[in-house]
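*Asks:* Handing you a structure now.
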Amino acid sequence: MKNRILTGITTSGTPHLGNYFGAIRPSLELAKESTDSFFFLADYHSIIKVNNPQEVTSSIENIALAWLSSGLDTNSSYFYKQSDIREILELSWILHCVTAKGLMNRAHAYKALKENNDDDKGINMGLFSYPILMAADILMFNSTHVPVGPDQLQHLEMTRDIANRFNHIFGNTFEIPEAIINDDESIPGIDGRKMSKSYNNVIPLLCDEKTLKKSIMKIVTNSLEPGEPKDHKTCNVFNLYTNFASDEEIAEFKEEYNNGISWGDAKNKLFDKANDSLLPIRERYFELKEQKDLVKDHLSNGAKKVRPLAQEFIEEIRSKIGIS
Ligand code: TRP
């Protein structure tokens, strides 16, 4: 079987450097080597947490623009919106019916909210069964490799479990996918925790120079004075820099830490590097953003390419379970 990579980004909030280094850039690298690549906007995942329609709509637009500005070629890949492929929801229900509730009880995201919360207060069923929707996203297209951050590894294991269970009951149907882990732990947000919308600590990917500078200046450091040697390993400024810089530049920066670079200078150096690297993406973004209907057109073309594959496969699945 040829390699088929697939990954999605939940459409909540604005795209940030964590999305770029943790998902978009590594996926586009992999796409160069894979025969098929499927990249999608997980909009039905976003409504688990976001009840604001404008926020969902604008996030769909911006995450799509992030992919397109970062160099995604929609001719050589499949780029689509999850909600345009209705068969995914159909498959999701079918998979619900072969998934043990106990498996979902063990999902980290659910367990974290369940702690000291015996009545499941504030937890909707979408959140509880979210790994099953994710399994449907993946299994619908028989993807072989799924690039994700380490926090999604458990969901991939669950997907494999669910696929095996279905195959066992109804005969071999689904490819068992493998995770490719993108180390997004090395992408700290401005407070030093992993960059994430939920922590409100993000540095936006698609912003002007001034906003980028402002975010970088806010990165938390410590109170060491200029001239005092600094530990690069635990430094958020340094760790972010490594994502942009070459090995030589990283070695040089390390030396400057040993020599006691000031926090102001370190942040300026990160800003200059980030600003240079992001310039082509930013320029494309501001250009694409002005083209009315561009995102809509890309997504509707994507749906036209992808949906027939889903329609054909769902027919096969329905007939396996005795509904056709
Ligand atoms: N749950 C993923 C995240 O929050 C997004 C996602 C949804 C996804 N469906 C997927 C990722 C399928 C990979 C494959 O990051």
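The values are calculated or read from the model by the stated rules, or taken from the named source; none is laboratory data. Remember, predicted model here, so these are calculated numbers, not experimental data. Cβ atoms come from the backbone with ideal geometry, glycine included; neighbour counts cover every protein chain shown. SASA here: full protein model, heavy atoms, side chains in, ligands and nucleic acids out. Shrake-Rupley method; radii C 1.70, N 1.55, O 1.52, S 1.80 Å.
*Asks:* Can you give the % of DSSP beta bridges in the chain that are antiparallel, to the nearest 5?
*Replies:* 10 percent
*Asks:* Another question, then. Determine the dipole magnitude for the stretch 44-92: charges of +1 sit on the beta-carbon of Lys and Arg, -1 on that of Asp and Glu, nothing else is charged, the reference point is the Cα centre, and the result goes in debye to the nearest 20.
*Replies:* With only Lys, Arg, Asp and Glu charged at Cβ, the dipole is about 120 debye.
*Asks:* Moving on to the next point. With springs only between Cα atoms under 10 Å, which of PHE170, PHE313, PHE39 fluctuates most in a Gaussian network model of the chain?
*Replies:* PHE170
*Asks:* With +1 on the Cβ of every Lys and Arg and -1 on the Cβ of every Asp and Glu, and nothing else charged, how large is the dipole of the stretch 1-147 about its Cα centre, in debye rounded to the nearest 20?
*Replies:* Numbers: 12 positive and 15 negative charges, 61 e Å.
Dipole size: approximately 300 debye.
*Asks:* Here is a follow-up. For GLU228 paired with ASP191, estimate the spin-label separation in nm (one decimal), with each label point 7 Å from Cα along the Cα-to-Cβ line.
*Replies:* Label at GLU228, label at ASP191, 2.4 nm between them.
*Asks:* Along the charge dipole of the chain, Cβ charges K/R +1 and D/E -1, which of HIS232, ILE123, PRO150 sits furthest on the positive end?
*Replies:* It is ILE123.
*Asks:* Something else: How big is the stretch 207-287 in terms of Cα radius of gyration and Dmax, in angstroms?
*Replies:* My reading of the Cα-based Rg and Dmax gives 13.2, 44 Å.
*Asks:* Per residue, how large is the accessible surface of the chain? Use a 1.4 angstrom probe and give square angstrom. Spell out each step's value before the answer.
*Replies:* On the way: 15990 Å² over 324 residues.
Value for the chain: 49 Å² per residue.
*Asks:* Right, something else. How much of LYS101 can a 1.4 Å solvent probe reach, expressed as accessible area in Å² and rounded to 10?
*Replies:* The accessible area of LYS101 comes to roughly 130 Å².
*Asks:* Which loop-located GluC sites (Glu not before Pro) does the stretch 274-324 contain, where loop means any DSSP state but H, G, I, E or B and the Cβ has at most 13 other Cβ atoms within 10 Å?
*Replies:* Sites meeting the loop and neighbour criteria: GLU290.
*Asks:* Relative to the longest principal Cα axis of the chain, at what angle does helix 247-258 sit, 0 to 90 degrees, rounded to 10?
*Replies:* 50 degrees
*Asks:* Select from LYS304, LYS210, LYS289 the residue whose mean-square fluctuation is largest in a Gaussian network model of the chain (Cα-Cα springs shorter than 10 Å).
*Replies:* LYS210
*Asks:* Would you calculate, for the chain, the mean residue ellipticity at 222 nm contributed by helices, counting each DSSP H stretch of 4 or more residues as -39,500 (n - 2.57) and dividing by all residues, to the nearest 500?
*Replies:* So the calculated ellipticity at 222 nm is -16000 deg cm²/dmol.
*Asks:* Next up: In whole percent, and with a 1.4 Å probe on the protein chains, what portion of the accessible area of the chain is carbon and sulfur?
*Replies:* Exposed carbon and sulfur together represent 48 percent of the surface.
*Asks:* Could I ask something else about it? Can you give the Rg to Rh ratio for the chain, taking only C-alpha atoms and Rh from Kirkwood?
*Replies:* Checking Rg against Rh, the ratio lands at 1.00.
*Asks:* Measure nothing but the geometry: give the 0 to 90° angle between the long axis through the Cα atoms of 53-69 and the longest principal axis through the Cα atoms of the chain, rounded to 10°.
*Replies:* It works out to around 70 degrees.
*Asks:* Additional query: Which residue fluctuates most in the GNM of the chain (Cα springs below 10 Å): ASN167, ASN117, ASN105?
*Replies:* ASN117
*Asks:* While we're here: Can you give me the angle between helix 294-321 and the longest principal axis of the chain, using Cα atoms only, in degrees from 0 to 90, rounded to the nearest 10?
*Replies:* The angle comes out near 40 degrees.
*Asks:* How big is the charge dipole of the chain about its Cα centre, in debye rounded to the nearest 20, if each Lys and Arg gets +1 on its Cβ and each Asp and Glu gets -1 on its Cβ?
*Replies:* Details: 37 positive and 46 negative charges, 170 e Å.
Result for the chain is approximately 820 debye, rounded to the nearest 20.
*Asks:* If a paramagnetic tag sat 7 Å from the Cα of LEU294 along the Cα-Cβ line, which residues of the stretch 54-74 would have the backbone N under 16 Å from that point?
*Replies:* 60-74
*Asks:* In what sequence, largest accessible area first, do ARG284, ARG318, ARG86 appear using a 1.4 Å probe? Could the numbers behind the result be given before it?
*Replies:* Working: ARG284 90, ARG318 65, ARG86 145 Å².
Ranked from most to least accessible, the order is ARG86, ARG284, ARG318.
*Asks:* Rank these residues by their accessible area, most exposed first, probe 1.4 Å: LEU206, LEU6.
*Replies:* On the way: LEU206 25, LEU6 5 Å².
From most accessible down to least: LEU206, LEU6.
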